[in-house]
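This report concerns only the one structure given below.
Please treat every number below as a calculation from the coordinates, not as lab data. What you are looking at is a predicted structure, and each value in this text was computed from that prediction instead of being measured. Note: ideal-geometry Cβ built from the backbone for every residue, glycine included; neighbour counts use all protein chains shown.
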2 protein chains.
Amino acid sequence: MTKTSVIGSEEALIQGFLAPLAAGAPGAFGLNDDCAVLAPVEGQEFVLKTDAVAAGVHFLPHDPPAGIAWKALAVNVSDLVAKGATPVGYLMSLAFPEAPSRHWMQEFADGLAAAQRHFDMTLLGGDTDRRDGPLSITIAAIGRIPRGRMVRRATARPGDVLLVSGTLGDAALGLFVHQGRKMARLVWKLDKAGLDFLEQRYLRPEPRLALVTHLLEHASAAMDISDGLVKDLGRMCRASGVGARVREIDVPCSPPARKVIDQLEGWRQVALTGGDDYEVLAAVPPGEAEKFVGAAARAGIILTPIGEVVAGSGVAVLAADGSPLVIDDQGYDHFSEGPGHRRRRRRGR
Amino acid sequence: MTKTSVIGSEEALIQGFLAPLAAGAPGAFGLNDDCAVLAPVEGQEFVLKTDAVAAGVHFLPHDPPAGIAWKALAVNVSDLVAKGATPVGYLMSLAFPEAPSRHWMQEFADGLAAAQRHFDMTLLGGDTDRRDGPLSITIAAIGRIPRGRMVRRATARPGDVLLVSGTLGDAALGLFVHQGRKMARLVWKLDKAGLDFLEQRYLRPEPRLALVTHLLEHASAAMDISDGLVKDLGRMCRASGVGARVREIDVPCSPPARKVIDQLEGWRQVALTGGDDYEVLAAVPPGEAEKFVGAAARAGIILTPIGEVVAGSGVAVLAADGSPLVIDDQGYDHFSEGPGHRRRRRRGR
């Protein structure tokens, strides 16, 4: 079998590469039936999310297949986790412009295997298609949660402290590194470690699984940040009927991102508007914030207070001197941007 | 608002066109959260299926949007129903090559509304994307079923009677009508009613919802026929470790399909291998067949015995004189066919 040997039938693709990913789920029937069964657990309900990634939009066509697999699953798991749900399984719909090689498919399947092991979930079923257009991977992810406990987007309350996990802006910078490392090195004067860090933050989002129980315990409202802090916080505010105040200086940045932001005016707002971070944004009652931050820290995740929920509407970002910042670009939208949109990161609803 | 006015943002698309489709499901939160909640019912479990349809493969780019919507949902519901499951809800991932017009989107949403009303299910969540390639609609459909009762593909037993619902081959002929009605009329000499019938069978598959309870009561095994009878029956046989014998003369055809088959050698096997029928194939113990057929008839669905499950392996199709037929084309496969594949119908795993 050569490296470029192409997979000759859907049957070969399913039984040779995908069925092993379903081995852990009795309800997947080894991908040897038309549907899967999802059995509920007493006192729990399911949380559902679907999100697609496509070549040229969410990854580059020649990216390593294992990384594409990771990202396809991670962007969905990120949503589940931010709602306080524990991953269970997923359906996957693959659209190939041409039949993949065995080599590509093996690396992709290995990447999925690693990702689903990391997230503790199993492939339950899927669909494979060949059609024109970019390679795309559509995942429908399923999590479980104690009944009635999903952490909503619409339940932030005035007075709540706003917290974010990790650091913001890295992935938007990482996409730039990924598209042209030499240019990034020259312009940003970062060392290899700094460039690698940013690129990995773009290529390999890390859903904050360890936050799940603490979100359920402490948060009024939460969501993942995928289209940029200001845009996603704006969504939380609109859904909750509240406003928010964010202190720019408190928005957490990694050291390499900080270096870029401090050097170049054009990237100054990247932590506020850059997408693809897949960090958690949570609104937490003031009395809970300290406990939440402490519990997260013990789980290895840094949470940073960035502002407060206020009565009213809209997101105000304040500079160090207290004056409101004008936000140049609220984040990505598929339908309102021009032909340059392909260079930008994006995410679903 | 003109007919060609384009939708300017994802928010406008979701809140203006999709949120009304989720109004019936409390767990969809008006599409105003990042995830949906799916609450189980005591004694039941869920059945899951994902299948995608794309322009140029499963429908033509200029087909009426309401029809595209119907088909996208129906091909998934067909799988649920054939397993004995009752539709509950669905997630939908839309990929647009360009932002749709309001007019197109309204017709699409109206078509979805009609389809989900017919199938008694609700939109639970989704994702919208703009990317190169054909318009594609990926549905993940969810049904419910009494615990442990999903009608499997792998449980057909020697001696079972094989039954199919409705008539076969219509949709493959209907695709030909849809691609060039004038040619179909000239070659087949069908009247308008005949051509319309076949075309509708391609455009508007009708999942056999009224069979659900009777499948649960009587069937050993079942699946929907989407890639052609011989191919799908072959899958049932392989999964069950059995063989099958089919009498060609008993395979039910509609009058217009019969007329084409009797006229033209090239279409002789269309009822055996034509795809996109979305009828139910069931294996039923001999003692149950009469009751099953009777119950289905009272529900308005004709079931036709076409052969038997036998020990061994493989599907044998017998001509009227008892001699085995050679099947020219076992049905569609995405990965093993050449560039002409786009003219053929197809289906997922």
**Report entry** Over 28 Å between alpha carbons, listed pairs B:K71/B:K182; A:K83/A:K189; A:K71/A:K231; B:K71/B:K192
**Finding:** A:K83/A:K189
Query raised in the report: Out of residues 5 or more away from B:S220 or on other chains, whose amide H comes under 5 Å of its own, with H placed 1.01 Å from N in the peptide plane?
Result: B:A283, B:V284
Query raised in the report: Using every alpha carbon pair in the range B:200-335, what percent of pairs falls into each 5 Å bin from 0 up to the bin containing the largest distance?
Result: 2, 9, 18, 23, 22, 15, 8, 2, 0
Query raised in the report: Counting Lys +1, Arg +1, Asp -1, Glu -1, what net charge surrounds A:K189 among other residues with beta carbon under 14 Å of its beta carbon?
Result: +4
**Report entry** Shortest-first nm distances, B:G312 label point to equivalent points in other copies (7 Å, Cα→Cβ)
**Finding:** 8.2
Report summary line: Label points for A:A39 built 7 Å along Cα→Cβ; distances to same position in the other copies, nm, shortest first, come to 2.4
Query raised in the report: Placing +1 at every Lys and Arg Cβ and -1 at every Asp and Glu Cβ, with all other atoms neutral, what dipole size does the range B:182-321 have around its Cα centre, in debye to the nearest 20?
Result: 300 debye
Query raised in the report: What size of dipole, in debye to the nearest 20, comes out for chain B about its Cα centre when the only charges are +1 on Lys and Arg C-beta atoms and -1 on Asp and Glu C-beta atoms?
Result: 480 debye
**Report entry** Label-to-label distance, nm, for residues given as A:S5 and B:T213 (7 Å Cα→Cβ offset)
**Finding:** 5.3 nm
Query raised in the report: What is the spin-label model distance, in nm, from A:Q263 to B:D196 if the labels are put 7 Å beyond Cα along the C-beta direction?
Result: 7.0 nm
Query raised in the report: Roughly how many nanometres apart are two label points built 7 Å out from the Cα toward the Cβ at A:H118 and A:D63?
Result: 1.2 nm
Query raised in the report: How many Cβ atoms of partner chains, on average, are near each residue of A:91-99 if near means within 10 Å of its Cβ?
Result: 4
Requested in this report: Please work out the Cα center distance from the range A:8-22 to the range B:88-156, rounded to the nearest Å.
Outcome: 25 Å
Requested in this report: Quick one: with label points 7 Å out along Cα→Cβ, list the inter-copy distances for A:L60 in nm, shortest first?
Outcome: 4.0
Report task. Taking the Cβ of A:L216 as the centre, find all other residues whose Cβ is under 11 Å away and add up their charges (Lys, Arg: +1; Asp, Glu: -1). Result -> +1
Query raised in the report: Using θ = phi - 60° and the Karplus curve 6.51 cos²θ - 1.76 cosθ + 1.60, what whole-Hz ³J(HN,Hα) does each residue of the range A:159-167 get, with Gly and Pro shown as x?
Result: x, 4, 7, 9, 10, 10, 8, x, 10
Report task. For chain B, calculate the relative contact order in percent as a whole number, restricting contacts to Cα pairs under 8 Å that are 6 or more residues apart. Result -> 21 percent
**Report entry** Rotational relation B to A, axis-closest Cβ in chain B, residue and distance rounded to whole Å
**Finding:** B:G133, 1
Query raised in the report: Average partner chain C-beta neighbours within 10 Å, per residue of A:77-89?
Result: 1
